[in-house]
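J.: Please read through the structure below; I'll follow up with questions.
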């Protein structure tokens, strides 16, 4: 079963990371070169500190990725100083 594209998905908010489900960029020379390909981007749905929530437009898989391993987001009730 494929998920629908999240209603918060916006093409203006994108990320270029590998999709852990479909791995559609594995044979793309542009992606392999570390450049931003026009086909293999992911929707950046939201973030909480270093943790980003993504959705692949191809297979619609959703996942979270900590972009700074070892740094954990603040609890939601922790005031920002």
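Please treat every number below as a calculation from the coordinates, not as lab data. Small disclaimer: the values here were computed from a predicted structure and weren't measured. Neighbour counts are summed over all protein chains in view; Cβ atoms, including those assigned to glycine, are modelled from backbone coordinates with ideal geometry.
J.: For the stretch 15-54, give me the residue count where each residue is farther than 21 Å from residue 2 by Cβ and not in a strand (DSSP E or B).
T.: Of the stretch 15-54, the ones farther than 21 Å from residue 2 by Cβ are 16, 27-38, 47-52.
After this cut, where a residue has to be not in a strand (DSSP E or B) as well, the list is 16, 27-38, 49-50.
Of the residues in the stretch 15-54, 15 are farther than 21 Å from residue 2 by Cβ and not in a strand (DSSP E or B).
Rundown of residues vs (1) surrounded by fewer than 16 Cβ atoms within 10 Å (Cβ to Cβ); (2) farther than 21 Å from residue 10 by Cβ, yes/no style:
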site: 25; (1), (2): no, no
site: 29; (1), (2): yes, yes
site: 32; (1), (2): yes, yes
site: 35; (1), (2): yes, yes
site: 45; (1), (2): no, no
site: 48; (1), (2): yes, no
site: 54; (1), (2): no, no
site: 59; (1), (2): yes, no
site: 68; (1), (2): yes, yes
